[in-house]
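Shown next, in C-alpha cells, is the structure this report addresses.
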Amino acid sequence: MEESLPLGFLLSTHVRAACEIQHRIAAKAGMIIQRVVLNSRPGKNGVPVAENFRLEQSAIADTIQAGQVRVRTLYLSVDPYMRCRMNEDTGSDYLLPWQLSEVADGGGIGIVEESKHDNLAKGDFVISFSWPWQTVAILDGSLLQKLVPQLVNGHLSYFLGAAGITGLTALLGIKEKGHVSVGANQTMVVSGAAGACGSLAGQMNRNSHIILCGQISQYNKDVPYPPPLPPDIEKIRKERNITRERFLVLNYMDKQEASVLQLCQWIQEGKLKVRETMVEGLANVGAAFQSMMNGGNIGKQIVLVSK
C-alpha cells in the first residue's frame with residue numbers, strides 16, 4: 001500500500017504551486033516588485049501595529065511612457081501624520097486616507113533607472129512626498145524634485161528630515177510663530193524634543209506663547225485637533241495670558257526654497273546636528289512605523305529600502 005503524504009506537506013505544496021502560478025502571471029504583466037499595502041485599520045481609538053501593513057509581490061509595466069521615469073526606492077520616511085491616513089476619515093482636508101489593500105505612500109527618495117522626462121536622466125536622485133512604498137515604481141517625472149547630494153554632504157536621507165519638511169517645520173515654526181527676539185533672554189521649551197522635528201527646533205531657540213505642531217500622543221484618540229486642555233490647565237493659561245496657536249508648515253511653502261538652503265548651509269557648517277533612526281528593508285516599514293508611534297526613534301525615522 002502506498003504511504004500517504006502528511007496533510008501539511010500537501011497544503012504547503014499547493015501553496016507553493018499557487019504562488020508559482022501567480023508569479024508567472026505577474027511576470028507576464030511586467031517587472032516583479034515588492035510593495036507594502038494597508039492590511040487593516042487600527043480604528044480611530046486603536047493603537048497601530050506592524051500587522052496593519054502587508055508586504056506583497058506585485059508587478060509594474062516593463063516600459064515607461066513619455067514624461068515618466070522608472071525609479072528604484074532608496075529611502076522612505078515614516079511620520080506621525082500617517083496615523084491619520086490609516087483612518088477612513090483622516091480628520092483633515094489636506095490628508096487623504098490610505099485605502100485597504102492599496103499601496104501606502106509618503107516621503108521617499110530614489111534613483112532614476114530609466115527616464116522619458118526631459119529634465120531627468122538615469123542616475124539622478126529624486127524626491128516626492130507621495131512616494132509609493134515599493135521597491136521600484138513608475139512615476140510622473142513632473143511630480144519629482146531633483147536632489148543635489150552635495151547640499152547635505154552626501155546624506156540623501158536628510159532631505160526627508162533636517163533638510164526637508166521636518167526641518168522646515170522646525171525652522172519656520174520658530175521664525176513665523178515663535179516670537180523669538182535676538183538678545184531678549186528668552187527660554188524655549190520643546191516637548192517631544194527627541195523626535196524628528198523637536199530635535200531640530202530645540203537647536204534654533206520665557207515667553208508666553210505655545211506653538212502647536214503635531215502632538216503625537218493624541219493621534220490614537222478620536223479627539224479634535226488641537227485637543228482641548230484640562231479645565232485646571234486652561235484656567236492657568238487664561239490667568240497668565242498664555243497664547244496657544246496652531247502652526248501648519250504647508251501654509252508657508254513660499255518660503256520653502258530659501259529655508260531649505262539655509263538648513264543645508266547649517267548642516268554643511270556643522271551648526272545643525274542631525275539624528276536619524278534607520279531601519280533596513282521594505283519588509284520592516286510597518287515595524288518602523290509602530291516603533292516611531294511608540295517613541296522608539298531618536299530624530300527622524302527612516303527606512304532604507306536599497307543602497
request  = Confirm whether R275 is closer than 22 Å to I210 by Cα and not polar (S, T, N, Q).
outcome  = no
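Here's the yes/no breakdown for (1) modelled with pLDDT under 95; (2) open to solvent by 60 Å² or more (accessible area, probe 1.4 Å):
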| site | (1), (2) |
| --- | --- |
| P231 | yes, yes |
| R240 | yes, yes |
| W266 | no, yes |
| M278 | no, yes |
| Q290 | no, no |
| M293 | yes, no |
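Which count do you get for residues in the range 74-95 that are part of a loop (DSSP other than H, G, I, E, B) and over 20 Å from A283 (Cα atoms)?
Just the residues of the range 74-95 that are part of a loop (DSSP other than H, G, I, E, B), to begin with: 78-81, 86-95.
Now restrict to residues that are over 20 Å from A283 (Cα atoms): 81, 87-95.
Within the range 74-95, residues that are part of a loop (DSSP other than H, G, I, E, B) and over 20 Å from A283 (Cα atoms) number 10.
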inquiry  = Residues that are modelled with pLDDT of 95 or more, under 16 Å from P132 (Cβ atoms), open to solvent by 30 Å² or more (accessible area, probe 1.4 Å) and of a type outside the set (D, E): does the range 71-83 have at least one?
reply    = yes
request  = Starting from the range 212-235, take each residue that is within 20 Å of P80 (Cβ to Cβ) and of a type in the set (S, T, Y) and list its partners that are in a loop (DSSP other than H, G, I, E, B) and at pLDDT below 70, counting only C-beta distances under 8 angstrom and pairs at least six apart or across chains.
outcome  = Y225/Q215
message = I'd like to check something: does the range 100-119 contain any residue that is more than 16 Å from L282 (Cβ to Cβ), at pLDDT below 95 and of a type in the set (D, E)?
response = no
inquiry  = Need the failing condition index for A66 against (1) closer than 29 Å to K116 by Cβ; (2) at pLDDT below 95; (3) part of a loop (DSSP other than H, G, I, E, B), just the number.
reply    = (2)
key: Leading residue by the ranking (nearest to G164 (Cα to Cα)) among those in the range 96-112 that are open to solvent by 30 Å² or more (accessible area, probe 1.4 Å) and assigned to a loop (DSSP other than H, G, I, E, B)   = L96
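The values are calculated or read from the model by the stated rules, or taken from the named source; none is laboratory data. Given the structure is predicted, the values throughout are model-derived calculations rather than measurements. All Cβ positions, even for glycine, are placed from backbone atoms using ideal geometry, and neighbour counts span all protein chains on display. For accessibility, only protein heavy atoms count, side chains too; no ligands or nucleic acids. Shrake-Rupley method; radii C 1.70, N 1.55, O 1.52, S 1.80 Å.
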